[in-house]
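The block underneath contains the structure these notes are about, expressed in structure tokens.
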Amino acid sequence: MMSSDRRMLTGAGKGLVAGAVGVAVMTLGEKVEQVFTHRPSSFVPAHTLERLLGLPSKPDGQRLGFNLGMHWGQGIALGMLRGVMAEGGLRGPWASAMFTVVRLTADQTQENITGVGAPPWTWPRSELLIDLLHKGVYGFVTGVVADRLARPEPVWVQARRDRSDPLQHP
């Protein structure tokens, strides 16, 4: 049996892959959505990163690399958590829903603490719905990939399931 620290490292590594797939699918979805809505690309990730790094503000056109780096980097890095969740037996739609909230929280915390963003409940409803849709796609795609890459469930997960099923006990 693999030790828990080894299992966490394994899950984190697999989560990097899952996060990369999740952010790729989310980005593709954003580009398709923008064709229909004519919504411009957001440079909030770029300006958040420049503030986190203490760099001077520059126009959007000069921050494309920062934008891509923050957008992809955060999605890939957060995937590590979902990989660890899957290795620990937290799998399926409930785990992906939990993870989607983490993704939204990570974005909002960084954007708001730097002063780049505003709390989501102050946004126009259409922007909020679009963001929730894209982050949901990311969270669930990352979850499906992480769950597929994870080892079989730990013994304790099966044992708890067996004990908690009232139909299995006389």
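Here are some notes:
- Note on the range 70-116: Rg/Rh from C-alpha atoms, Kirkwood Rh, equals 1.04.
- Span from the the range 93-131 Cα centroid across to the the range 63-81 one, whole angstrom: 15 Å
- Cβ-based net charge around Ala20, under 13 Å, with every Lys or Arg adding one and every Asp or Glu removing one: +2
- When the Cα positions of Ile113, Gly11, Gln34 are compared along the charge dipole of the chain, Gly11 comes out farthest toward the positive end, with charges on each C-beta of Lys, Arg, Asp and Glu.
- Square roots of five times the Cα gyration tensor eigenvalues for the chain, Å: 35, 18, 14
- The charge dipole of the chain, taken about its Cα centre with unit charges on the Cβ of Lys, Arg, Asp and Glu (plus for the first two, minus for the last two), comes to roughly 300 debye.
- Listed by chain and number, the lysines whose alpha-carbon sits under 20 Å from that of Lys31, ignoring those within fewer than 8 places in the same chain, are Lys135.
- With the highest mean first, a sort of the peptides 124-132, 7-15, 108-116 on other beta-carbon atoms found within 10 angstrom per residue produces 7-15, 108-116, 124-132.
- Here the Gaussian network model covers the chain, with springs between Cα atoms less than 10 Å apart; of Val101, Val32, Val137, Val32 fluctuates the most.
Read-outs throughout are calculated quantities, based only on the coordinates presented, and are distinct from any laboratory measurement. Fair warning: this is a prediction, and the values are worked out from it, not measured in the lab. Glycine gets a Cβ as well: all are built from the backbone with ideal geometry, and neighbour counts include every protein chain shown.
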